[in-house]
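> The structure's right below; bear with me while I get my questions together.
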Amino acid sequence: MKRNAQKWVLTLVILLISTTLLSAKTPKYIFYCIGDGMSFAHVMATQLYYEHGNNPNGKESLAILDFPVRSAIRTYANNSLITCSAAAGTALATGHRTNIDFVGIDPEGKPLTSIAKQLRDKGYAIGIVTSGQIDDATPAAFYASQMRKDAYLIGRDGADSQFDYLAGSALKQPYGKDQKQPSLYDYYRQKGYTICRGIDGFDAQADKVLLLDADTTLRSWLPYVIERDPEAMGLEFMVKTGIDKLSREKGKKGFFMMIEGASIDHASHPCDIATAVKEGAEFDRCVKLTYEFYRQHPDETLIIVTADHETGGLTLGETSMKPFHWEYVNYQKMSKESLSNLFQRLRKTGEIDTWEKARKILAENTGLWDKIPVNAGEEAKLMQCYYETIVKKNSEQEITLYSRNEPLVAEAIALLARKIGVGWTTFSHTGSFVPLYAIGCQAQQFGTLNDNTEIPNTIRKIMKIK
Ligand SMILES: [Zn+2]
């Protein structure tokens, strides 16, 4: 009996020690995935699109549905109940609440330190990846301390960060206002970066990399998935290349990679569901790449997936209470923004001088009439819009944050949204909760969070950063 009791005590001690060691373990690899503008409704819309709209094998599901840790976080800014990407990015990167359009600075203008910089100083390789501009608010919050409008200065902070891998569509403002200032391209080179362009231009041997789109004239985000050349660089290439590069870095303790799906937000501002859902699917494919990495290194990897705010007030279901038609998403051939640009060009050249011509272009690019039934009342409304805005030129463009939309195109895309079965409430952000999912080493620490500022503070806690 005595020997048995001793055995039990020994087992208990071993168990206690191993539990303590396990709970104190720090991840070697951290992925911080941010869907810009991605609410619970965006997540569900993408899942429904997989299940009912784009279902070649019936098995596609979002990676995050496998993640055991889930929470909902608040996003508000210091001076507004509805945040922006700068204030929310700052909260997610530094753990401090700040004002609208402040990037990596507190409400008094004092610079804040991001979790990425702290991990860099602790010996981790750092990657910042986005489908938007590398110097836009969300990625910038991880390396810059500037006002959002000062894109040239943000770009300089990027080069000064000495992060190992920076990948985005473009630099927003590569030239300073003062002619004597070096271009950002020169500045990055001076700071030891190799500037790579597109898939063919990627240099796997380069030390520090700034990866941009192959189109050197591009100043905005990557072309939307819905209209992108399938051979061109997308977010998946940037993530895959980044994982390969960061895992090969010599003399580092591990790596930290921020991945932003920027265009979920960009497509949601003009309430363009088909474009948004395809951006959501691309973001999910990137999360799947991190999940594959996790499966190879399950004890050493932490993946956090969240959003900075909600965009568009997206709702699944609208007033007619008809069933969803996610397959209609596949019939839209270009974004609302590009279709608007096409109509604006054709309007100027006089090529849409009859309703039939306008209807044909709408049908080819949205699937309305050809594949999606349009009743007489719906067509009459579109036709009236055509006469008012294109024939009589009583035209007020629909203005959203990133685009000026042709009213007829706006009407057609709104009709398509109703037919798919979704509703939108705004061209801006909303104050809704956003999701947080996590898996891997120390993931359970993120299951009880309420607030976006708590994410970097929790990373600090598990990485033992003061
Ligand atoms: Zn936005």
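The values are calculated or read from the model by the stated rules, or taken from the named source; none is laboratory data. In this text, all values refer to a predicted model and were calculated from it rather than measured experimentally. Note: ideal-geometry Cβ built from the backbone for every residue, glycine included; neighbour counts use all protein chains shown. The area values use the complete protein model at the heavy-atom level, side chains included, leaving out ligands, DNA and RNA. Shrake-Rupley method; radii C 1.70, N 1.55, O 1.52, S 1.80 Å.
> Over the alpha-carbon set of the chain, divide Rg by the Kirkwood Rh and report the Rg/Rh ratio to two decimals.
Using only Cα positions, Rg/Rh for the chain is 1.02.
> Can you tell me, using C-alpha contacts under 8 Å and at least 6 residues apart, the relative contact order of region 88-237 as a whole percent?
It rounds to 20 percent for region 88-237.
> In addition: Could you pull out the chymotrypsin sites (Phe, Trp or Tyr not before Pro) across region 333-383 that fall in loop regions by DSSP (anything but H, G, I, E, B) with no more than 16 other Cβ atoms inside 10 Å?
The qualifying sites are W369.
> Once amide H atoms are placed 1.01 Å from N in the peptide plane, what residues at a sequence separation of 5 or more from V209, or on another chain, have their amide H within under 5 Å of its amide H?
Amide H neighbours of V209, under 5 Å, 5+ apart: Y165, L166, T194.
> Would you please state which residues of region 415-439 a label at T315 would reach in this model, taking the label point 7 Å out along Cα→Cβ and a backbone N cut-off of under 20 Å?
Of the residues in region 415-439, 415-435 have backbone N under 20 Å from the label point off T315.
> Using every alpha carbon pair in region 33-146, what percent of pairs falls into each 10 Å bin from 0 up to the bin containing the largest distance?
Reading the bins upward from 0: 13, 35, 31, 16, 5, 0.
> Oh, and also: So for region 105-149, what percent of the C-alpha to C-alpha distances run longer than 11 Å?
67
> Could you provide, to the nearest whole Å², the per residue accessible area of the chain with probe 1.4 Å?
43
> Which value, in nm² and rounded to one decimal, describes the direction-averaged projected area of the C-alpha convex hull of region 319-420?
Seen from a random direction, the Cα hull of region 319-420 projects 6.6 nm² on average.
> How big is D, in µm² s⁻¹, for region 303-353 by Stokes-Einstein at 37 °C and 0.692 mPa s if Rh is the Kirkwood radius over C-alpha pairs?
218
> For every other residue with a beta carbon closer than 13 angstrom to the beta carbon of R197, add +1 if it is Lys or Arg and -1 if Asp or Glu, then tell me the sum.
So the surrounding residues net to -4.
> Then there's this: Calculated FRET efficiency, E364 and E292, Cβ-Cβ r, R0 41 Å, to nearest 0.05?
Once rounded, the FRET efficiency stands at 0.60.
> Need the list of aspartates and glutamates near K253 for cross-linking: C-alpha distance under 18 angstrom, and skip anything on the same chain fewer than eight residues off.
The qualifying aspartates and glutamates are D121, D164, D207, D244, D299, E300.
> Based on the Cβ-Cβ distance from A72 to T349, what FRET efficiency comes out when R0 is 51 Å, to the nearest 0.05?
0.55
> Further question on the same structure: Considering only DSSP states other than H, G, I, E and B, which trypsin sites (Lys or Arg not before Pro) in region 105-135 qualify as loop sites with at most 16 other Cβ atoms within 10 Å?
K122
> Between T216 and K250, what FRET efficiency comes out of the Förster formula 1/(1 + (r/R0)^6) with R0 = 30 Å and r the beta carbon distance, rounded to 0.05?
0.45
> Restricting to Cα pairs below 8 Å that are 6+ residues apart, what does the relative contact order work out to for region 319-420? Please round to a whole percent.
39
> Sticking with this structure for a sec: Could you give the semi-axes, largest first, of the ellipsoid that matches region 396-444, computed as the square roots of 5 times the alpha carbon gyration tensor eigenvalues and rounded to whole Å?
Rounded to whole Å, the semi-axes are 34, 15, 10.
> Here's something else I'd like to know. Helix 376-386 sits at what angle to the longest principal axis of the chain, using alpha carbons and giving 0 to 90 degrees rounded to 10?
Here the helix axis deviates by roughly 90 degrees.
> Which of K278/K392; K278/K336; K252/K466 have a Cα-Cα distance over 25 Å?
Long pairs (Cα-Cα over 25 Å): K278/K392.
> Enumerate the amide H contacts of Y76 below 5 Å, restricted to partners 5 or more residues apart or on another chain; note that Pro and chain-start residues carry no placed amide H.
none
> As a test of the formula, what do you get for the chain when each DSSP H run with n ≥ 4 contributes -39,500 (n - 2.57) and the sum is divided by the residue count, at 222 nm and rounded to the nearest 500 deg cm²/dmol?
-11500 deg cm²/dmol
> Using every pair of alpha-carbon atoms in region 137-218, split the distances into 10 Å bins beginning at 0 and state the percent of pairs per bin, rounded to integers.
With 10 Å bins starting at 0, P(r) equals 19, 54, 26, 2.
> What is the angle, in °, between the Cα long axis of helix 85-94 and the longest principal axis of the Cα atoms in the chain? Nearest 10 is fine, range 0 to 90.
Here the helix axis deviates by roughly 10 degrees.
> Antiparallel versus total DSSP beta bridges in the chain: what percent is that, nearest 5?
Just about 40 percent of them are antiparallel.
> Loop only by DSSP, 16 or fewer other Cβ within 10 Å of the Cβ. Give me the trypsin sites (Lys or Arg not before Pro) in region 302-390 that pass, ordered by residue number.
For trypsin sites (Lys or Arg not before Pro) across region 302-390 that sit outside H, G, I, E and B with at most 16 neighbouring Cβ atoms in 10 Å, the list reads K333, K371.
> Please list, ordered by chain and number, the residues whose modelled amide H lies under 5 Å from the amide H of A307; skip anything fewer than 5 residues away on the same chain.
The list, which skips near neighbours in sequence, is G35.
> A further question follows. Once the Cα atoms of helix 336-349 and of the chain are each reduced to a long axis, what angle between those two axes, in degrees from 0 to 90 to the nearest 10, is obtained?
So the inclination is approximately 30 degrees.
> Here's something else I'd like to know. Just need the relative contact order of the chain here, percent rounded to a whole number, with Cα pairs under 8 Å and 6+ apart.
26
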